[in-house]
């Protein structure tokens with residue numbers, strides 16, 4: 001039973017968030033929306049400290065967060081320059097000259113008997129000459145510059161779609177700040193100058209600022225980014241370095257002018273020392289080169305990025321340094337790390353925003369009383385570590401399964417892999433089965449896209465598929481592929497959908 005204090009409850013009443021940016025304001029908006037006036041929420045940030053802001057691309061899990069905070073989609077699209085995202089195109093990854101697409105949603109349609117991709121594997125073994133991509137509506141729409149939202153009718157091919165967003169991370173933070181402050185969050189301007197701790201428990205009791213403010217609380221959320229001022233600087237959580245698996249430790253980013261219609265997908269292009277991202281927004285295109293500093297200098301990386309832009313650069317290149325990995329503990333005492341303070345995985349599969357909301361979701365589920373029961377912290381750490389570990393394996397898959405000759409790629413091809421990834425790949429090669437746990441972020445379709453895209457092919461399929469008549473199975477697959485092709489032709493262009501949504505909400509105002 002929680003301790004009953006003089007106020008009549010052991011509940012947490014004051015939360016202090018250190019750091020703004022995407023992580024800080026997402027956390028503030030979620031807590032304020034969930035708890036209302038039951039919590040006093042204070043956020044400390046400084047205008048003098050910049051945010052990383054590379055997480056401009058998202059994955060479909062963002063819809064959970066948007067629903068949680070009551071986000072108005074049309075207002076969000078206008079405020080952040082957002083566009084829709086149907087997946088990620090990977091260019092030159094498995095080998096130079098090859099590309100594939102990781103679509104959101106599912107392959108094929110639900111059919112009785114066995115998973116759709118096992119039907120495809122059986123038909124392919126019997127001579128069907130259709131790639132897996134022919135069974136993804138998201139793939140087809142994205143590469144044709146079209147867009148549609150999923151529907152809940154199982155009989156509609158639109159039910160197989162998934163989608164997310166691209167947006168300007170700094171504008172997103174500002175938009176969330178407005179929502180959070182409207183729900184009672186107090187923002188304090190200033191830099192952290194001192195941290196007060198309870199002499200016996202080690203719990204943080206207050207933050208002191210450069211302007212002389214003293215912010216007391218019972219729970220402290222560390223959203224201070226790579227600096228991890230509370231979880232590492234004060235609580236000394238420790239860090240597991242994953243750079244032996246994910247050797248990129250730098251990024252250089254620069255926006256450029258829009259020169260064409262906005263594509264409804266992110267593009268990741270392999271480069272000699274890493275990879276380049278392209279994220280289309282309404283008002284500009286975001287670009288960056290993620291690279292290993294052992295393999296290319298900062299100046300060379302910036303020159304490579306600037307030479308591979310769609311349009312005119314709109315700012316000077318901005319450099320970031322990082323080490324892939326995660327905190328050994330993301331919750332210690334009464335300090336919880338959310339966002340980059342809890343760990344970092346490069347944005348290859350657009351997971352940065354997901355990991356923020358993953359931390360928020362787990363915190364809400366395990367929200368403590370003032371005593372911050374250590375069992376809750378252990379559970380939080382176990383769940384968050386599993387999330388990070390699974391995403392880590394998914395990213396490593398992109399790096400090691402390839403046939404590129406540059407030194408960083410040679411190193412990745414021959415590196416020792418986590419046993420969890422070795423087992424998953426081996427099972428898919430043997431049986432065509434994708435072994436995905438119920439709590440994993442990336443589901444069967446995502447693993448199928450990247451396994452096949454990177455050249456890891458199944459040699460067999462589920463024996464249940466042998467109960468299907470070969471001719472009937474093949475005819476059904478061909479009908480699905482034909483339905484996808486015909487349906488795509490009827491759906492609108494991506495920019496037209498953006499304009500319609502924003503125009504309808506703003507009384508005729510269209511996208512920029």
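Rule-based calculations on the coordinates, nothing more; no lab input. Predicted, not measured: the structure shown is a model, and the values here were computed from it. Every residue, glycine among them, receives a Cβ derived from its backbone with ideal geometry; neighbour counts consider all protein chains shown.
Numbers for the structure displayed
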| item | result |
| --- | --- |
| Relative contact order (%) - region 202-335, alpha-carbon pairs under 8 angstrom, separation at least six | 34 |
| Beta bridges per DSSP with both ends in the chain, % antiparallel, nearest 5 | 70 |
| Inter-label distance for residue 321 and residue 486, nm, one decimal - labels placed 7 Å from Cα along Cα-to-Cβ | 5.9 |
| Helix-derived mean residue ellipticity, 222 nm - over the chain, DSSP H n ≥ 4, -39500 (n - 2.57), to 500 | -10500 deg cm²/dmol |
| For region 250-321: relative contact order, % (alpha-carbon pairs under 8 angstrom, 6 or more apart) | 45 |
| Residues residue 307 and residue 182, FRET efficiency given R0 of 45 Å [Cβ-Cβ distance, rounded to 0.05] | 0.55 |
| For a label point 7 Å along the Cα-to-beta-carbon line of residue 410, residues of region 234-265 with backbone N under 19 Å | 244-248 |
| Rg over Rh [alpha-carbon atoms, Kirkwood Rh] for region 250-321 | 0.96 |
| Difference of contour (0.36 nm per residue) and Cα-Cα distance, residue 241 to residue 159 | 25.5 nm |
| Region 440-484 and region 190-240: distance between their alpha carbon centers, rounded to Å | 50 |
| Square roots of 5 times each gyration tensor eigenvalue, C-alpha, region 295-373, largest first, Å | 37, 14, 10 |
| Computed label-point distance, nm, for sites residue 438 and residue 194 using a 7 Å Cα→Cβ extension | 5.0 |
| For region 48-150, projected area of the alpha-carbon convex hull averaged over all directions, nm² | 10.9 |
| Projected label distance in nm at residue 98 and residue 459, using a 7 Å step from Cα toward the beta-carbon | 1.8 |
| Rel. contact order, % - alpha carbon contacts under 8 angstrom, at least six apart, the chain | 22 |
| Using a Förster distance of 60 Å, the FRET efficiency for residue 378-residue 259 (Cβ separation, nearest 0.05) | 0.70 |
| Computed FRET value (nearest 0.05) for residue 37 with residue 64, which takes r as the C-beta separation and R₀ as 25 Å | 0.55 |
